[in-house]
1. Does R584 count as closer than 27 Å to R813 by Cα and charged (D, E, K, R)?
2. Given the options A392, A384, name the one that is under 28 Å from G205 (Cβ atoms), among the hydrophobic types (A, V, I, L, M, F, W, C) and over 27 Å from the mean Cα position of the chain (by Cα).
3. Given the structure, is A572 within 30 Å of G442 (Cα to Cα) and at pLDDT 95 or above?
4. Return the residues of segment 631-686 that are among the hydroxyl-bearing types (S, T, Y) and either open to solvent by 30 Å² or more (accessible area, probe 1.4 Å) or free of Cβ contacts under 8 Å to residues at least 12 places away in the same chain (or both); say none if nothing qualifies.
5. Condition test on R730, is it at negative phi, in contact with a Cys (Cβ under 9 Å, 6 or more places away or on another chain) and in contact (Cβ under 8 Å) with a residue 12 or more places away in the chain?
6. Let me confirm something: among T92, T120, which residue is open to solvent by 70 Å² or more (accessible area, probe 1.4 Å) and either in a strand (DSSP E or B) or charged (D, E, K, R) (or both)?
7. Listed residues W421, W381; which is assigned to a loop (DSSP other than H, G, I, E, B) and either open to solvent by 20 Å² or more (accessible area, probe 1.4 Å) or closer than 24 Å to Y489 by Cβ (or both)?
8. Report, by residue number, each residue of segment 344-370 that is of a type in the set (G, A, S) and either on the phi > 0 side of the Ramachandran plot or crowded, with 23+ Cβ neighbours inside 10 Å (or both).
Amino acid sequence: MDVTQPTAIVVLNARDMQIRRVVATTSHGAVDATATQRPAHGGTTVDELVLAFAQPLPAGSATIAIDYEAPFAVDLAGLYRLKEDGLFYAYTQFEATDARRAFPCFDEPGFKTPYDVTITSPRAFKVLSNTPEASQADAANGDVVHTFETSPPLPSYLVAFAVGDFDILGGQTAPFPIRVVTTKGRAPLARLALDVATALIAKLGDYFDMRYPYAKLDLVAVPDFAPGAMENPGLVTFRDSLLLVDSERPTTSIKRAQAMVIAHEFAHQWFGDLVTMLWWDDLWLNEGFATWAAARIVDEWRPSFGATVEQVAEIQGVMDTDALMSARAVREPVRSTGEAMEAFDGITYDKGAAVLRMLEKWLGADTFRRGVQRYVHEGAWKSAHADDLFKALEYVSAQRVTELAGGFLDQPGVPEVITSWSCGGANGNRLELRQTEWRPLGEPREGAPRRWTLPVCTASDVEKTKSCFTLGAEPIVRTIDTRCPTWVYPNADQAGYYRFMVDGAHLLALASAGRSLDATDRLGLVSNAWAGVRQGSTAPGVLMDVLAAFDGEPDRHVVEQVIGVLRGIDHALIVDEARPAFQRYVIARLAPRKRTLGWEAPGGAPEDDDRKLLRRSVLGAMGEIARDAATLREAETHAMQWLQDPKSLPGDTAAVAVPMASMQAGAARLTELRAAAASAKTPQNRIIALRAMGMFEEGAVLRQALDLALTEELKVSELHYVFGEAASRRLTRDVFYAWEKENWQKLVLRLPGALGRGLSGVVANMCAQSMRDDAREFFVATMQAIPGAKRPLDEALEQAGLCIALREHAAARTSSWLSAHSR
């Protein structure tokens, strides 16, 4: 340490450890300290270490040596141990505040320092850390001492190591080595990940105009891993299902997920690792940028993946969260570990990415890139603030970036642009745009709407190019010099982070515009039509007509948006009496597509990825929403084939058929699924079986499947596959909630600490007042002790309230429309 003035007290972070001895060495000699541990101010977890020295440390340099013991963590955080196929492995996961569980440290992101790591292990084990291994030496008891090269400056949350009898698949060796690290015997499944990693790290280096900044790049496949992936420099960790793929038979979705997650974590090597946030209130800058950059780089590498359009679709979803009264700002004070954990959500990732995409569109891609490069080069090996990025963008663009971005980062809420136009008369053809705030039914309307400076772009059928301008608090009226437009699209290229509203007739005109709108705008139109219904400004019948206008839609992303809206209607607006008519409506939308797509390509002919993904979406909707009898029978046939021989059925087909066929299956199917999961040769096949376990609609069988979550048969990080299906579906949700309440104490033991944050997620899918009230009473009492759980619970309760309000407002009108238009 550098001691700036004499002090007898030093406070660090440490948790769940026994301190044996503390001694400081200074220019005046050695000084012992007494160690006590306490909670941080306002916290309940004992995670601060107070060192009281026998005499003040003098100003100058000091070295503090701490002798301590700490256990392996039991909740997949800090330093933890796993057993896989009879062998033990140890891994680290320190973000956000768990490095303090492995070693005493100043556990804050603004403190960056070089680390020297030395690890003693059994001789048969391989040991990995952020940097290459410098040397090995024999220990007295036959173990081996592994010493690693000094790291570049790192914050504590990015320090990482792994120990075990690993297999390693090597790739390039220059200009830096790239490897994939797996548990014993699984390296053959890592070839695809290695190829993807090699391509994407080079693409990112080109974008930043700076080669990958660390000495090596290891991708580590972890068998049980809570976050999914973690960007530790030089030692990037992933849930093994993302890296270990049968390269000859990969499902389309896993290929894309793998590329997107690898690109995300690799973008962090520059944005987050090389240049680090000063504090957790700027977490959005790390995660939002990596989310945006992943789509940007994957699109450059594989344009056919349509990564940016996928991201636009995800932005439509995060707007629903952002419009909640309980929503937080992207950039909000973080005062505790719990608040840091709450920041890892869609607002940080998806809204953060949307703001950056909007800035890129506003400034121009080349200008934005030059600003990013300036920020990275100037901030290398240091910590920075979001305003440093905005200053770099202002320098290269001469635009007021900080002011515009602040409106989206420092307050929650979703802007809405209300668009209208009139033709003829004394004033000619006029287009008027004004901003307000999008608020769904059920939210309080009192108080003035928030305001933003909005970069807005419009397109119409009478203009050759889009028109872009900035919309403030005052409306903008523009004269249309050509003929009267048939349609005006208020968010061209979906570049702006806002919803729009036009009247019903103009919505239908936009829906009829077809390919005059590009795919992102057609996707946005579907999303905004649904948002209008949920706001109360658009009649449900208008939405149903808009969806029907997309029956011939060629783009997968738009069709999937239509299917997503159909699921939303099914959840919120369809009462039991109207369900047969709604199912006929869904069949009318999707049956022609099903006939075209089938279950597999004719004769096994090659297909593009979009067709495979669209088939999964259409078949899933035909079985789960429409309850089409033929689709359900076909799913059962394919499921039986897969259960007998997984290699006999394409993974894409199995991924939709096996879960769907389990909906109406009995206890015998659960036995078959357990056997399939236990014998699965790839993580993807195991996940297919696990998802199917959460689909049983017979309550007793679903409970048997859920009971497996309380045993070691399922890994902790696998529980969400079962829980997610059971919690989200109308016919399984209530059984899952009742099971949770009955088994709560067991669940808390199985998912200790922050692992239990998601257990209240079922509430968001409730759409009845009695259920919501019961859930509020239960979860408010039980979730208090779980770090980072309060905001997700508040949001889930509010989402349930919005569904109830929407049902009260529009369910009867939806039923009336279906009765009149049933076909």
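1. Details: closer than 27 Å to R813 by Cα: yes; charged (D, E, K, R): yes.
It is true that R584 is closer than 27 Å to R813 by Cα and charged (D, E, K, R).
2. Details: A384 fails: over 27 Å from the mean Cα position of the chain (by Cα).
Result: A392 is the single residue among A392, A384 that is under 28 Å from G205 (Cβ atoms), among the hydrophobic types (A, V, I, L, M, F, W, C) and over 27 Å from the mean Cα position of the chain (by Cα).
3. Values: within 30 Å of G442 (Cα to Cα): yes; at pLDDT 95 or above: yes.
Yes.
4. Kept after step one, since they are among the hydroxyl-bearing types (S, T, Y), are these residues of segment 631-686: 631, 637, 648, 653, 662, 671, 679, 682.
Correct list: T637, S648, T671, S679.
5. Numbers: at negative phi: yes; in contact with a Cys (Cβ under 9 Å, 6 or more places away or on another chain): yes; in contact (Cβ under 8 Å) with a residue 12 or more places away in the chain: yes.
Yes; evaluated as a whole, the condition is true for this residue.
6. Criteria check complete, one pass: T120.
7. Values: W421 fails: assigned to a loop (DSSP other than H, G, I, E, B).
One residue alone meets the criteria, W381.
8. Of the residues in segment 344-370, the ones of a type in the set (G, A, S) are 346, 352-354, 364-365.
Within segment 344-370, G352, A353, A354, G364 qualify.
The values are calculated or read from the model by the stated rules, or taken from the named source; none is laboratory data. Being a predicted model, the structure only gives us computed values, none of them experimental. In this analysis, Cβ positions are derived from the backbone assuming ideal geometry, glycine residues included, and neighbour counts consider all displayed protein chains. Areas reflect the complete protein model, heavy atoms only, side chains present, ligands, DNA and RNA absent. Shrake-Rupley method; radii C 1.70, N 1.55, O 1.52, S 1.80 Å.
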